[in-house]
1. Quickly run through segment 203-239 and pick out the residues that are closer than 11 Å to E134 by Cα and open to solvent by 80 Å² or more (accessible area, probe 1.4 Å).
2. Hey, R221 hits all of (1) charged (D, E, K, R); (2) at pLDDT below 95; (3) part of a strand (DSSP E or B) but one; which does it fall short on?
3. So if I check each of L111, L116, which one is at pLDDT below 95 and under 29 Å from P279 (Cβ atoms)?
4. If you take just the helices (runs of 4 or more DSSP H) that sit entirely in segment 33-143, which of them hold at least 1 residues that are open to solvent by 40 Å² or more (accessible area, probe 1.4 Å), in contact (Cβ under 8 Å) with a residue 40 or more places away in the chain and over 22 Å from A18 (Cβ atoms)?
5. For segment 257-314, give me each residue that is within 19 Å of the chain's Cα centre (by Cα), surrounded by 14 or more Cβ atoms within 10 Å (Cβ to Cβ) and not in a loop (DSSP other than H, G, I, E, B).
6. Which of (1) buried (at least 19 other Cβ atoms within 10 Å of the Cβ); (2) under 30 Å from S2 (Cβ atoms) does S173 not meet, given it meets every other one?
7. Taking V186, is it closer than 25 Å to N39 by Cβ and either modelled with pLDDT under 95 or buried (at least 19 other Cβ atoms within 10 Å of the Cβ) (or both)?
8. For segment 240-247, does any single residue satisfy the condition of being touching a residue at least 60 places away in the same chain (Cβ under 8 Å), open to solvent by less than 90 Å² (accessible area, probe 1.4 Å) and closer than 30 Å to V108 by Cβ?
Amino acid sequence: MSALLDLAQAAVEAAQAAGADFCDAFCSDLTEISADVENNSINNCSTIRDQGLSVRAFSRGGKGFASVQQHDLASARDCAERAVAMAKAAHPDPDFVALPAPMPFARVPDLFDDKLAGLGADAFVNWCARGIEEARAVADDAVVQGGAGVDWGASALASSTGIAVEREVSSASLYFYVIINRDGDVGSFYEFDQARLLADLEPAGIATKAAHGALDQLGSRPMPTARVPVILGPLAATSLIGSVIGAADAESVQRNRSYLAGREGQPISSEALTVREEPHLPAGMRSTASDGEGVATLPRALIDAGVLTTYLHDSY
């Protein structure tokens, strides 16, 4: 058992002793290094270490939340007691039932890489400098924005129902946004790469692609309204499909704020579209064995041959 999980469980015990009906605690130790590019120059490089603990407590359904940025037993207990005090002061919620119970979950490999976590700030500065050179080699009037960074760390979740989950993750990203303005004709394009493993990251060529994309946008012109086939690139397709999945948020549906309200089990798109959640892909950027409440994740179709199969819920 890690020190982070020890602290989370100590906070849960303190919350229960203070009178919480249910509670959970999340404890993390994260490091982030980043470098930023603005107007063809590297204007910022930073290293941040973030340590903290948060407690969510429930009393008669009322919820209280508190957090601290210290990793010691006294702070964890004090945080838990403050969360419980706020839960007792909150209005009771008759719809609250319970926090989720423990359950087995899959092991997802390759979510943490020692080599990635061992990179220094100089690596990201060099990637950014090379990106500026790449873009301006394509077009010497290119204006380059962007950045590179890495984050890694560990976290633990404990709850009064017996959940005890530990997680260690790493990820790195590099992106460039290139703008080319020629006598008021402006082209712009964005390209990026991200990975959990250093071996999967390909920093070279990203800015080159962005610059060529910006050049391709030059000479764009309006077209008349028409019914025509549309081909979406990866970025546009991700944005469109992501907005549809976002509308399946159960709270938005329950509050009638989503256009997908009442559409569960019904066709919402062409039969050609299937969108799957695959949370167990090795080294996947969004892969995880459990969600933020410790509930095991499962592969599933969210849109199956055009049919919306489910809304996206938390335990509440």
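1. Of everything in segment 203-239, those that are closer than 11 Å to E134 by Cα and open to solvent by 80 Å² or more (accessible area, probe 1.4 Å) turn out to be K209, H212.
2. That leaves (3) as the condition not met.
3. Numbers: L111 fails: at pLDDT below 95.
Just a single option satisfies the conditions, and that option is L116.
4. Working: elements: 73-89, 114-117, 121-138.
Output list reads 114-117, 121-138.
5. Those that are within 19 Å of the chain's Cα centre (by Cα), surrounded by 14 or more Cβ atoms within 10 Å (Cβ to Cβ) and not in a loop (DSSP other than H, G, I, E, B): V275, E277, S290, A296, L302, L312.
6. (1)
7. Working: closer than 25 Å to N39 by Cβ: yes; either modelled with pLDDT under 95 or buried (at least 19 other Cβ atoms within 10 Å of the Cβ) (or both): no.
Here the answer is no, as V186 does not meet what is asked.
8. As a first pass, look at segment 240-247 and keep what is touching a residue at least 60 places away in the same chain (Cβ under 8 Å): 245.
After this cut, where a residue has to be open to solvent by less than 90 Å² (accessible area, probe 1.4 Å) as well, the list is 245.
Next, from what is left, pick out any that are closer than 30 Å to V108 by Cβ: 245.
Yes, segment 240-247 contains at least one residue that is touching a residue at least 60 places away in the same chain (Cβ under 8 Å), open to solvent by less than 90 Å² (accessible area, probe 1.4 Å) and closer than 30 Å to V108 by Cβ.
The values are calculated or read from the model by the stated rules, or taken from the named source; none is laboratory data. Predicted model only: the values in this text are computed from it and were never measured. FYI the Cβ positions are ideal-geometry reconstructions off the backbone, even for glycines, and counts take in every protein chain you see. We work out accessible area using only protein heavy atoms, side chains counted, and drop any ligands, DNA or RNA first. Shrake-Rupley method; radii C 1.70, N 1.55, O 1.52, S 1.80 Å.
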